[in-house]
Amino acid sequence: MIHFDRFTLENGLKVIFHKDPTSPLAVVNTLYDVGARDESPEKTGFAHLFEHLMFGGSVNIPDFDAPLQHAGGESNAFTSNDITNYYDVLPAQNLETALWLESDRMMSLAFTPKSLETQRSVVIEEFKQRYLNQPYGDVWLYLRPLAYTVHPYQWATIGKEIKHIEDAEMVDVVEFFNKFYNPSNAILCIAGNFELAYIKEVVEKWYSDIPSGIKPARVLPAEPQQTVFREQTIERKVPSDAFYYAFKMPERKNTDYFIVDILSDAMGRDKSSRLYTKIQKELKLVTEIGAYITGSLNDGLLIISGKLSPDVTFEQVDNAIWEVMDTMINIPLSDQEMNRLKNKIKTAKAFQDKGLLNRAMNLAYFELLGDADGINEEAQIYEAIMPKHIQLVSKNILIKTNCSLLKVKAI
Amino acid sequence: MRKTPPAIHPLQKIDFISPKIYDITGDVKLFWMSEVADDTVHLEFHFDAGTIQGEPSLAGFVNALLLSGTDKKSSTQIQDDLNDLGAFVDIEIGQEVAIINLFCLRQYTEAAVDILADALVNLAFVSHEVDDMLREKKQAYLVSSEKVNMLGRRAFQAQMFSNSDRYGRIMKATDFDTVSIPELKRFHKDFYLHGLTKIVVTGNLNVSYIDRLIDVAGAWARTEHLSFEDTFINIPGEMHVEKADAVQTAIRMGIQLFNKTHEDFLDFQVLQTIFGDYFGSRLMSNIREDKGYTYGIGCGVSESHKSGFFIIATEVGKEVAKPTLDEIRFEMYRLRTDPVGEEELNLVKNYLLGQMLKSADGPDAMMSLFMGVEMHGKGYEYYNEAIESVTNVTAERLQELANKYLIWENFTIITAGEQ
């Protein structure tokens, strides 16, 4: 059980406080309700580029990192298709340093043309390092637009192409900040060995004078129900052929989301899973195979991916994969399989909850979903799932017309 | 109010919790951190089965086969049994050590260890399991060979340990074709069944179970002396590994250095942090934040039991590989000629003390902190010395160290990419 308190400032900033009497550290986690899905199709990669710029100094503070490091702390951030999340970890006695820094950059940034120019280059190098200079690194740049025809999940957080990052201008940056970076669009989570009254006092002190702003209304184009099987093959200089099956699945708030999560575990989480034991271990058609979900807030994807063994054809593997998927529909999980999956989820959760930073991040994320207490309710949701539920969602999801297949052909 | 930073309160001290230490044999010990408030258990079995042992590549293959089955159980049955308990097993290998990590909940620890012990002791090296491993590992090897980062890493290893066949060895694609089962069996017997060097336990277990663990694993204790080497020679100068069509070039450069047992170690930590080991470092400020040549650049000291080396690593746009090397050289030179300013030095001191506090947060972090000094025959008092040393180091001392160690001509410099 993870305990927390919650309060809201007059300007709309939601605050979660999690007390941990055992840690000498404090975590300040700030989640902004903006991600790559909020970008315009002509200016993609912007939420992420902007995350880089948030470290370039704010209205009263020329450099974000130095004062935090001086206080013994460090900071980082990540951007997903759904959110942008910033976190600071520092000795508890210096908590106010983090609040001073975070509140100032929520209030107003001080962008310089130099900072924009440099971060454009840094992000372009990140694009190359992660997507272009790795074998199979660019598959998501193809799989997303194959699976999504209208929803902004059709581009990756890094952006559709390098040119969008090169073209980013100062006016875009300022507009983006004004629209999304304000108290009414943020969730602040503080964790550490403090008293609630103290937290209220220091949060008031640093955040209450920031103008509320208007929470931007989010109207995203809904992805229409897929009705035909889609397939694309790209040719790359890689050592072996690879495949990525992407099935549409329900959004994060749908109860079926959790069932599909367990379904993906049953198919391909570990070396007991059905895809691994059948296709890799028994038939030896692949040298690796796995299944997982993208975990996105809007309708997401269930992915089955792997690499072919030498001299095996895509057709052979395709037939075998569909046969395994048929077993998900026709052969219910045994009690043993079901317990195994649930036990692994319990262990993983117990280890995740150990870290103060993890707890702070997850509390903020669940608050975004509607209620931070969701962090304590997940275990029961998984516990209640039964084999028949998994068969039912398998029947709806694991069908050809709900599938987009990307193949990487080695040349 | 916003122009003035809040007051900074410096780190006073760190409250360390010591693990309990049990003798398995005279040299082999079990370390137990029982102060864990939740149900998680992390167990580590350390073996003298790193890549320096045996014939080249053999250690890696045996390591990958540890759960590949016995005469009675297939690899899949072993996996099923562990997964039924919700246990995660992570097996790793380095130059000097191989570690079996078990992560599970308290109530399943005993059963999970029994499964692991049976798999380890009765490992049968069934030929089709060996073939599966070789096929999968070879594919993974070929994929990793497409990464400039990995190509740089391999060349670096050979150049850095030029005088030691055991430490400088790197895997080749042909290694997968020449494995014999008797060789694997011999290695398993020598370095696992008689190779346990320590057990590390972090979890709120019963003390009676710790005794049982010692009984179970005691039979594997290492009896022979460890054969770690202490003197390595890196070949200075540039070496390029060509990789056609790479849009970025990986740079790795380094010199042989020392570990915690050396008198310069702690002060060098401060110097190398300023140079490249935090977000505000000279290398990051110049090469990322000013020039935008890279997504990241860093440096660090990698320690072994009897030695250590210093490494700088980055991946940069291929057209700026040469300018990046020029800037690294410039920053090295600057540390030798100009004393570090007071403001920067104070910032780094505070940063390092804060990081020390972070690395002692929670039983798992505390345990790895302890093991980090235990391997050099020291205890927590080392960290108290470190706090004092970091607090008192002067700019003059850092400049002296820069002139002693940061000598460009001594560095091995590897570039991997398209020239």
So which strands (runs of 3 or more DSSP E) stay within the range B:190-275 end to end and still have 3 or more residues that are open to solvent by less than 50 Å² (accessible area, probe 1.4 Å)?
B:196-202, B:248-256
Is it the case, given these coordinates, that B:K20 is open to solvent by 30 Å² or more (accessible area, probe 1.4 Å) and more than 14 Å from chain A (Cβ to nearest Cβ)?
yes
When you check A:N133 against the structure, is it within 13 Å of chain B (Cβ to nearest Cβ) and modelled with pLDDT of 95 or more, yes or no?
no
What number of residues in the range A:45-87 are within 11 Å of chain B (Cβ to nearest Cβ), in contact (Cβ under 8 Å) with a residue 12 or more places away in the chain and part of a strand (DSSP E or B)?
4
How do the pairs read when you match residues in the range B:130-154 that are more than 25 Å from A:K281 (Cβ to Cβ) and open to solvent by 20 Å² or more (accessible area, probe 1.4 Å) with residues anywhere that are in a helix (DSSP H, G or I) and of a type in the set (G, A, S), using Cβ under 7 Å and keeping only pairs 6 or more apart or on different chains?
B:M150/B:S144
Can you pull out every residue in the range B:107-136 that is over 27 Å from the mean Cα position of the chain (by Cα) and within 12 Å of chain A (Cβ to nearest Cβ)?
B:Q107, B:Y108, B:A111, B:H128, B:E129, B:D131, B:D132
Can you name the residue in the range A:260-298 that is assigned to a helix (DSSP H, G or I) and among the hydrophobic types (A, V, I, L, M, F, W, C) and, of all such residues, is farthest from the other protein chains (Cβ to nearest Cβ)?
A:V260
Kindly check whether there is at least one residue in the range B:228-239 that is of a type outside the set (A, V, I, L, M, F, W, C), within 30 Å of B:A365 (Cα to Cα) and outside the structural domain of B:G50 (by TED's automatic domain parsing).
yes
Just the residues that are within 11 Å of chain A (Cβ to nearest Cβ) and open to solvent by 10 Å² or more (accessible area, probe 1.4 Å), please, taken from the range B:69-97.
B:S74, B:S75, B:T76, B:Q77, B:Q79, B:D80, B:D81, B:D84, B:L85, B:F88, B:V89
Report yes if some residue within the range B:4-20 is closer than 30 Å to B:N346 by Cα, touching a residue at least 24 places away in the same chain (Cβ under 8 Å) and touching a His at 6+ places or on another chain (Cβ under 9 Å); otherwise report no.
yes
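If you scan the range B:33-43, which residues turn out to be surrounded by fewer than 20 Cβ atoms within 10 Å (Cβ to Cβ) and either assigned to a strand (DSSP E or B) or not acidic (D, E) (or both)?
Once the filter is applied, which keeps residues that are surrounded by fewer than 20 Cβ atoms within 10 Å (Cβ to Cβ) and either assigned to a strand (DSSP E or B) or not acidic (D, E) (or both), the range B:33-43 yields B:S34, B:A37.
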Check whether at least one residue in the range A:33-40 is more than 17 Å from the chain's Cα centre (by Cα) and assigned by TED's automatic domain parsing to the domain that holds A:V202, and report yes or no.
yes
Note on the range B:118-163: residues of a type in the set (S, T, N, Q) and part of a helix (DSSP H, G or I) are B:S127, B:Q139, B:S144, B:N149, B:Q157, B:Q159
Name the pairs: first residue in the range B:377-396 and free of Cβ contacts under 8 Å to residues at least 12 places away in the same chain, second residue assigned to a helix (DSSP H, G or I) and open to solvent by 70 Å² or more (accessible area, probe 1.4 Å), Cβ to Cβ under 6 Å, at least 6 apart or on different chains?
none
So, A:R236, is that one within 14 Å of chain B (Cβ to nearest Cβ) and over 22 Å from the mean Cα position of the chain (by Cα) or not?
yes
Scan the range B:64-98 for residues that are part of a strand (DSSP E or B) and under 22 Å from B:A221 (Cβ atoms) and report the count.
6
What is the residue count in the range A:194-224 for residues that are assigned to a loop (DSSP other than H, G, I, E, B), surrounded by 15 or more Cβ atoms within 10 Å (Cβ to Cβ) and more than 25 Å from the chain's Cα centre (by Cα)?
3
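One line per residue, one yes/no per condition, for (1) among the aliphatic types (A, V, I, L, M); (2) farther than 30 Å from B:E35 by Cα:
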{"residue": "B:E183", "(1), (2)": "no, yes"}
{"residue": "B:L205", "(1), (2)": "yes, no"}
{"residue": "B:M239", "(1), (2)": "yes, yes"}
{"residue": "B:N259", "(1), (2)": "no, no"}
{"residue": "B:G276", "(1), (2)": "no, yes"}
How about the range A:108-130: which of its residues are in contact with a strand residue (DSSP E or B) (Cβ under 7 Å, 6 or more places away or on another chain) and at the interface with chain B (Cβ under 8 Å from one of its Cβ atoms)?
A:V122, A:E125, A:E126, A:K128, A:Q129
Going residue by residue through the range A:348-369, is there one that turns out to be acidic (D, E) and either closer than 20 Å to A:N185 by Cβ or modelled with pLDDT under 95 (or both)?
yes
Give the residue that is nearest to A:D270 (Cα to Cα), with candidates limited to residues of the range A:343-372 that are touching a residue at least 60 places away in the same chain (Cβ under 8 Å) and charged (D, E, K, R).
A:K344
Do we find that A:V28 is away from chain B (no Cβ under 12 Å), touching a strand residue (DSSP E or B) at 6+ places or on another chain (Cβ under 6 Å) and assigned to a loop (DSSP other than H, G, I, E, B) in this structure?
no
Can you go through B:E344, B:E315 and tell me which one is open to solvent by 50 Å² or more (accessible area, probe 1.4 Å) and either at pLDDT below 95 or over 30 Å from B:L226 (Cβ atoms) (or both)?
B:E344
So for the range B:361-374 (the condition being in contact with a helix residue (DSSP H, G or I) (Cβ under 6 Å, 6 or more places away or on another chain), farther than 25 Å from B:A402 by Cα, assigned to a loop (DSSP other than H, G, I, E, B) and open to solvent by less than 50 Å² (accessible area, probe 1.4 Å)), does at least one residue qualify?
no
Quick check on my filter: what residues within the range B:23-56 are of a type in the set (D, E), at the interface with chain A (Cβ under 10 Å from one of its Cβ atoms) and touching a Lys or Arg at 6+ places or on another chain (Cβ under 8 Å)?
B:D38, B:D39
From A:A266, A:A242, A:A246, grab the single residue that is modelled with pLDDT of 95 or more and in contact with an Asp or Glu (Cβ under 7 Å, 6 or more places away or on another chain).
A:A266
Could you please give the count of residues in the range A:341-361 that are facing chain B (nearest Cβ under 7 Å) and not in a helix (DSSP H, G or I)?
1
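In the list A:S404, A:S394, which residue meets the criterion of being within 30 Å of A:T149 (Cα to Cα), touching a residue at least 12 places away in the same chain (Cβ under 8 Å) and either in a helix (DSSP H, G or I) or open to solvent by 30 Å² or more (accessible area, probe 1.4 Å) (or both)?
On inspection, the qualifying residue turns out to be A:S394.
The values are calculated or read from the model by the stated rules, or taken from the named source; none is laboratory data. Since the structure is predicted, the reported quantities are computational estimates derived from the model, not experimental observations. Note that each Cβ is placed from the backbone with ideal geometry, even for glycine, and that neighbours are counted across all protein chains shown. All accessible areas refer to the heavy atoms of the entire protein, side chains included, with ligands and DNA or RNA removed. Shrake-Rupley method; radii C 1.70, N 1.55, O 1.52, S 1.80 Å.
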